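What follows is a set of notes on a single structure, which appears directly below.
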Amino acid sequence: MSKDIVELQEDVSGSSLYSEDLAPVPPAQRTWSKWHLAAIWVGMAVCIPTYLLASYMIKTGLNWYEALIIIGLANLIITVPMVLNGHAGVKYGIPFPVIGRAVFGIKGVHLASVTRGIIACGWFGVQTWIGGLAIYAIFNALTGTQGELGLSLGKFVGFAVFWLINIFFIWKGTESIKWLEAYSAPILIVMGLMLIWWGYSKADGFAVVLQQSEQLEKPAAVISRTDEGAYLQLNALKNKDGTLKANDYRLLSSQTTGIWKSYTAEPITLPDYNEAREVQVQFRNSEGETPVLSSVVTASLVDTQAGGGSKLWGYLLWLTAMVGFWATMSISIADITRYAKTQKDQVAGQFIGLPGTMMLYSFVGIFVTCATVINFKDILIADDAPWDPVSLIANFKNPTVVIIAQIFLLIATLSTNIAANVIAPANAFSNLLPKRISFRMGGVITGIIGILIAPWWLLNEISGFLIFVSGLLGPVLGILIVDYFVIRKKNMALAELYKENGSYAYGRSGINSAAMIALLVGVFLALVGYWVPALNFLYSLSWFTGFIISSVLYYVLMLKKR
């Protein structure tokens, strides 16, 4: 056991701030090695959002290797503060809400911890709904029934079943979570390799598959303007041999369904075009017995003046978004590292598990989607490419394949949900009333809130809100790191963290004014660009904006308090 571990020497069990769940983990119970921590990250990183990350970038014009480089760089960047913030968890064996008492005060910490917890509850609900849909799909495959569009009783039953599975692991405690992640990690890695093998086996090599990503970078229909007029450029997908997958197209409007015309990929003149007019397009392949139709897409007006500077700015925006992907976990990582045996274990485990897995599964998403462009004849345009695994599985007709694939999705969703969306809010809610709310009860509260947010309704809308809020947690992380490494030099009075009138009561108000001011200023400046166009760059880089501003301001304010 590491000499760097500090144990609690004073009996503070009578304090209202103390509970067995929030108490320091004794050295004998530090059973998580670097491989357990790496498995935790594999379990969290292998999820549908990770699979989709690269698709968001490719759809905006980046190529596949640019997307992978940004994802890899962003996750290397976020792993550094993740490791730094995990140091206190290993040294003192305490979770984020208790560490936060030293920084924000025994009462002020609730603002940061509960906000982070509520965000996790939102993700918990959404992920549980996705898992429920997988159970519903398995039921349909077993019974040979057709899944219903929209909400249905079967989908709610699947949601309830998956919710109970999550609650089971919550109730069994952290050791069951370690077991879940340790056994699911190799299964998930194998799943990714199998998907890559499937794509490779259906083509003539990796290069052939990845070449299809050039097609996915282009919108199905774009409008360009020149001095001579406006032109519509159609970009249907091509087969491996270069032939077009669509042979007809039609222009749609609110007044007419349009006439099918032969598609030759040549620019189409748009007379009397103005920017207020929407041009909608649909593609068709009429060569088979049953015509195949694409979805209806709205043509976008391209900026022919965009230069290298705008692309560099695009890189920065995507880098910020990818760093913000794990903003919530970077704050509460001590909830997990408190079970690590040594600092070397937590550092190695996180660097082994996070950046590589994020790049691997983003690559799986790219490669498999490119393979479907070659192999599925009913995908005529990039907009219809099955980027998400649910859409991909829907293209297979073999029920055995569907069932096995959905089971893999269930494992991936469960392992992500438990580790990323339960531990932190359970500790945050327990910290509100340590004597009355246990880790188990905090986990159940998380599950209940996950139902109350109605994820079946918010599935499409909530992701933007959650990313928006999680990006603003950069100020919290900056304050935590500066306080621990710069202000306190990694030294905290462990017993004082559990005393109502101790060193971290801050004059009995329970709030460290320096931390609260730095937090509010950082959040304000990260947000202000949302409403003030001239300051939009602050909002676009919100994680970095909040992190840097709050870090510097907190350091200055704490120097004045000395």
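Please determine, by comparing only the residues of the stretch 511-522 that are at pLDDT 95 or above and open to solvent by less than 20 Å² (accessible area, probe 1.4 Å), which one is nearest to residue 433 (Cα to Cα).
Going through the qualifying residues, I end up with 512.
Quick test of your reading of the structure: residue 349 fulfils all but one of (1) in contact with a strand residue (DSSP E or B) (Cβ under 9 Å, 6 or more places away or on another chain); (2) modelled with pLDDT under 90; (3) within 30 Å of residue 86 (Cα to Cα). Name the failing condition by number.
In the conditions (1) in contact with a strand residue (DSSP E or B) (Cβ under 9 Å, 6 or more places away or on another chain); (2) modelled with pLDDT under 90; (3) within 30 Å of residue 86 (Cα to Cα), residue 349 misses (2) alone.
Go through (1) touching a helix residue (DSSP H, G or I) at 6+ places or on another chain (Cβ under 9 Å); (2) over 30 Å from residue 541 (Cα atoms); (3) open to solvent by 10 Å² or more (accessible area, probe 1.4 Å) and name the single condition residue 495 misses.
Going through the list (1) touching a helix residue (DSSP H, G or I) at 6+ places or on another chain (Cβ under 9 Å); (2) over 30 Å from residue 541 (Cα atoms); (3) open to solvent by 10 Å² or more (accessible area, probe 1.4 Å), residue 495 breaks only (1).
Out of the stretch 112-128, which residues are at pLDDT 90 or above, open to solvent by 10 Å² or more (accessible area, probe 1.4 Å) and of a type outside the set (Val, Ile, Thr)?
Answer for the stretch 112-128, where residues must be at pLDDT 90 or above, open to solvent by 10 Å² or more (accessible area, probe 1.4 Å) and of a type outside the set (Val, Ile, Thr): there is none.
Looking at the stretch 259-278 only, could you name the residues that are modelled with pLDDT of 75 or more, more than 16 Å from residue 236 (Cβ to Cβ) and surrounded by 10 or more Cβ atoms within 10 Å (Cβ to Cβ)?
Within the stretch 259-278, 269, 270, 278 meet the criteria.
Collect the residues in the stretch 111-146 that are over 13 Å from residue 422 (Cβ atoms), among the polar types (S, T, N, Q) and under 20 Å from the mean Cα position of the chain (by Cα), keeping them in residue-number order.
Passing the criteria: 113, 115.
Quick one: count up the residues across the stretch 375-405 that are modelled with pLDDT under 80 and open to solvent by less than 30 Å² (accessible area, probe 1.4 Å).
The number of residues fulfilling the criteria is 6.
Residue 534 passes all but one of (1) modelled with pLDDT of 95 or more; (2) part of a helix (DSSP H, G or I); which number fails?
Condition (1) is where residue 534 drops out.
Pick from the stretch 354-391 the residues that are aromatic (Phe, Trp, Tyr) and in a loop (DSSP other than H, G, I, E, B): which of them is farthest from the chain's Cα centre (by Cα)?
Filtering the stretch 354-391 for residues that are aromatic (Phe, Trp, Tyr) and in a loop (DSSP other than H, G, I, E, B), the one farthest from the chain's Cα centre (by Cα) comes out as 376.
Can you run down the residue pairs with Cβ atoms below 6 Å, 6 or more apart or on separate chains, where the first is in the stretch 69-95 and outside any helix (DSSP H, G or I) and the partner is of a type in the set (Asp, Glu)?
95/335
Could you grab me the full set of residues in the stretch 268-288 that are closer than 15 Å to residue 248 by Cα and either without any contact (Cβ under 8 Å) to a residue 40 or more places away in the chain or in a loop (DSSP other than H, G, I, E, B) (or both)?
Those that are closer than 15 Å to residue 248 by Cα and either without any contact (Cβ under 8 Å) to a residue 40 or more places away in the chain or in a loop (DSSP other than H, G, I, E, B) (or both): 268, 280, 282, 286, 287, 288.
Of the residues 109, 103, 98, which is open to solvent by less than 10 Å² (accessible area, probe 1.4 Å), under 21 Å from residue 513 (Cβ atoms) and in contact with a Lys or Arg (Cβ under 7 Å, 6 or more places away or on another chain)?
109
Exactly one of these conditions fails for residue 73: (1) over 28 Å from residue 405 (Cα atoms); (2) surrounded by 24 or more Cβ atoms within 10 Å (Cβ to Cβ). Give me its number.
(2)
Return the only residue of 106, 77, 99 being closer than 15 Å to residue 543 by Cα, in contact with a helix residue (DSSP H, G or I) (Cβ under 6 Å, 6 or more places away or on another chain) and not hydroxyl-bearing (Ser, Thr, Tyr).
Exactly one residue qualifies, and that residue is 77.
Can you name the condition, by its number, that residue 412 falls short on among (1) in contact with a Ser or Thr (Cβ under 6 Å, 6 or more places away or on another chain); (2) in a helix (DSSP H, G or I); (3) open to solvent by less than 30 Å² (accessible area, probe 1.4 Å)?
Going through (1) in contact with a Ser or Thr (Cβ under 6 Å, 6 or more places away or on another chain); (2) in a helix (DSSP H, G or I); (3) open to solvent by less than 30 Å² (accessible area, probe 1.4 Å) one by one, residue 412 breaks only (1).
Would you check if there is a residue in the stretch 206-225 being more than 28 Å from residue 365 (Cα to Cα), of a type in the set (A, V, I, L, M, F, W, C) and surrounded by fewer than 14 Cβ atoms within 10 Å (Cβ to Cβ)? Talk me through it step by step, then tell me what you get.
Step one: list which residues in the stretch 206-225 are more than 28 Å from residue 365 (Cα to Cα), which gives 223-225.
Retained after the next criterion (residues that are of a type in the set (A, V, I, L, M, F, W, C)): 223.
Going one step further and asking which of them are surrounded by fewer than 14 Cβ atoms within 10 Å (Cβ to Cβ), we end up with none.
Looking through the stretch 206-225, none of the residues is more than 28 Å from residue 365 (Cα to Cα), of a type in the set (A, V, I, L, M, F, W, C) and surrounded by fewer than 14 Cβ atoms within 10 Å (Cβ to Cβ).
Can you pull out every residue in the stretch 279-296 that is among the β-branched types (Val, Ile, Thr) and surrounded by 12 or more Cβ atoms within 10 Å (Cβ to Cβ)?
Hits for the stretch 279-296 are 279, 281, 292, 296.
Which of the residues that make up the stretch 210-224 are closer than 17 Å to residue 386 by Cβ and of a type in the set (Ser, Thr, Tyr)?
213
Quick one: which of 48, 69 is in contact with a helix residue (DSSP H, G or I) (Cβ under 8 Å, 6 or more places away or on another chain) and aliphatic (A, V, I, L, M)? Spell out the reasoning first.
Working: 69 fails: in contact with a helix residue (DSSP H, G or I) (Cβ under 8 Å, 6 or more places away or on another chain).
Criteria check complete, one pass: 48.
Cβ-Cβ distance below 6 Å, separation of 6 or more or different chains: which pairs start in the stretch 360-374 with a residue that is of a type in the set (A, V, I, L, M) and end on one that is assigned to a helix (DSSP H, G or I) and modelled with pLDDT of 85 or more?
366/64
Okay, residues lined up against (1) on the phi > 0 side of the Ramachandran plot; (2) in contact with a Leu (Cβ under 7 Å, 6 or more places away or on another chain); (3) open to solvent by 10 Å² or more (accessible area, probe 1.4 Å); (4) not hydroxyl-bearing (Ser, Thr, Tyr):
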position	(1), (2), (3), (4)
298	no, no, yes, no
315	no, no, yes, no
321	no, no, yes, yes
327	no, yes, no, yes
353	no, yes, no, yes
368	no, yes, no, yes
371	no, no, no, yes
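Considering 164, 151, which residue is in contact with a helix residue (DSSP H, G or I) (Cβ under 7 Å, 6 or more places away or on another chain) and surrounded by fewer than 21 Cβ atoms within 10 Å (Cβ to Cβ)?
Details: 164 fails: in contact with a helix residue (DSSP H, G or I) (Cβ under 7 Å, 6 or more places away or on another chain).
Within the list 164, 151, the selection yields 151.
Sort out which residues of the stretch 31-50 are at pLDDT below 85 and β-branched (Val, Ile, Thr), and write them in order of number.
Once the filter is applied, which keeps residues that are at pLDDT below 85 and β-branched (Val, Ile, Thr), the stretch 31-50 yields 46, 48, 50.
Determine, yes or no, whether residue 135 is touching a Ser or Thr at 6+ places or on another chain (Cβ under 7 Å) and open to solvent by less than 40 Å² (accessible area, probe 1.4 Å).
No, not satisfied.
From the list 245, 238, exactly one residue is among the basic types (Lys, Arg), modelled with pLDDT of 85 or more and open to solvent by less than 70 Å² (accessible area, probe 1.4 Å). Which is it?
Residue meeting the stated conditions: 245.
The values are calculated or read from the model by the stated rules, or taken from the named source; none is laboratory data. Only a predicted model underlies this, so the values are computations on that prediction, with no experimental measurement involved. Neighbour counts run over all protein chains shown; Cβ positions are idealised from the backbone, glycine included. Surface areas here come from the heavy atoms of the whole protein model, side chains and all, with no ligands, DNA or RNA. Shrake-Rupley method; radii C 1.70, N 1.55, O 1.52, S 1.80 Å.
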